[in-house]
Amino acid sequence: MEKTAPIELIRTTRFCVNDPGFGELEAQVRADPNGCGGRPSMRGLGRSYSVDVSARGLPDPVLGYLIDIKAIDRAVRDAVVPLIARACHEEPARDPATLMPTLLDALCGLLPVRPASLRWNLTPSLSITMTTQDTTTVVLRSTFEFAAAHRLHVDTLSAEENRRLFGKCNNPNGHGHNYRVEPAVALALPPGGAPGFTVQDLERLVEASIIEPFDHMNLNTDVPEFAQDGVNPSVEHIARVCHQRLAKAIAEDGAPARLLEVTVWETDRTRCTYPAS
């Protein structure tokens, strides 16, 4: 039989947290068949969430399953959704990061395979993750965007060589992108308390160190790292420069956060993460 290597399986489970006046949670789940829209589905002015459960290991050689994805959905809806719903109703101002150890522990108790991580997608652009290897730390990710122009050009190469290497991206007048930037920061969870660093802190630091200097700018002329005698503003270099700028801002702010990586999307098909994990 052909040898296999460990794999990672990730299952996304969507659900909505509705007002208690709409009835019991279990009854809502039974009544709602649309897993894509979320189970429970939206009733009134609810909250829409999703969680990503990651599991790693060797698939069953006959079934091909590492774990039945329906078992993941059941575990999330039986253990995770009620805990989140209760917190939304009883402690709406609670920091979501403080719930993560409880959510992960409840999930582990219902799955036949120990999950590697749990990621709670609070919005389409904001999430927190905890791994089973380190239940004292969460990883906060938030996505930002800026629009900028750039030209791919290396001064030490000839004009012909630049055109050959970069094609239309070497247009003398430049061209533009709507970039997306997603930093990932590690936050320590103190016993019985919140991390002491919020998404608003991250927004403030990203705005000052990346968005304000980059947005609606010509990277080749307006940003020092890419200006005269600077590096070519490829997505690879942009990701590295964003990481350096944000890491410096976090250090100077004295924030209780550690920058792990920064991902920059140049288009919906091209992105770069620095440093690579």
Part-to-part distance (alpha-carbon centres) for the stretch 50-108 and the stretch 206-264, which is given in Å: 35
Scalar couplings 3J(HN,Hα) for the stretch 42-59 by Karplus 6.51 cos²θ - 1.76 cosθ + 1.60 (θ = phi - 60°), nearest whole Hz, x for Gly and Pro, are 6, 10, x, 9, x, 10, 9, 10, 8, 10, 10, 9, 10, 10, 10, x, 9, x
In the stretch 22-115, which GluC sites (Glu not before Pro) fall in coil by DSSP and have 14 or fewer other Cβ atoms within 10 Å? Glu24
Please list, in chain and number order, the residues 5+ apart from Leu260 or on another chain whose amide H is under 5 Å from its amide H, with Hs placed from the backbone. Ala184, Val185, Ala186
Mean separation of Cα contacts under 8 Å (6+ apart) over length of the stretch 130-266, as relative contact order %: 32
Per-residue ³J(HN,Hα) for the stretch 139-151, Karplus 6.51 cos²θ - 1.76 cosθ + 1.60, θ = phi - 60°, Hz, x for Gly and Pro: 10, 9, 10, 9, 9, 10, 9, 8, 10, 8, 9, 7, 9
Would you compute, from DSSP H runs of 4+ residues alone, the mean residue ellipticity of the chain at 222 nm, taking -39500 (n - 2.57) per run and dividing by the full residue count, rounded to the nearest 500? -7500 deg cm²/dmol
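In what sequence do Ile72, Ile238, Ile67 fall when counting other Cβ within 10 Å, fewest first?
Numbers: Ile72 25, Ile238 28, Ile67 20.
The order, fewest Cβ neighbours first, is Ile67, Ile72, Ile238.
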For the stretch 141-274: span of alpha carbons on each principal axis (Å, largest first): 62, 28, 21
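How would you rank Cys16, Cys272, going from fewest to most other Cβ atoms within 10 Å of each one's own Cβ? Don't skip to the end; give the middle numbers.
On the way: Cys16 22, Cys272 18.
So the residues, fewest neighbours to most, are Cys272, Cys16.
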Total formal charge among the other residues, if their Cβ is under 15 angstrom from that of Asn170, Lys/Arg +1 and Asp/Glu -1: +1
Using alpha carbons only, how many degrees (0 to 90, rounded to 10) separate the axis of helix 235-253 from the longest principal axis of the chain? 70
Volume in Å³ per residue [convex hull over Cα atoms, computed for the stretch 44-96]: 99
For the stretch 189-203, 3J(HN,Hα) per residue [Karplus equation, 6.51 cos²θ - 1.76 cosθ + 1.60, θ = phi - 60°, Hz, x = Gly/Pro]: 9, x, x, x, x, 8, x, x, 8, 10, 4, 5, 5, 5, 4
Apply the a/c threshold of 1.5 to the C-alpha gyration tensor of the stretch 1-160 and tell me whether it is rounded, prolate or oblate. oblate
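No lab work stands behind these numbers, since they all come straight from the coordinates. Since the model is a prediction, treat every value here as computed from it, not as a measurement. Every residue, glycine among them, receives a Cβ derived from its backbone with ideal geometry; neighbour counts consider all protein chains shown.
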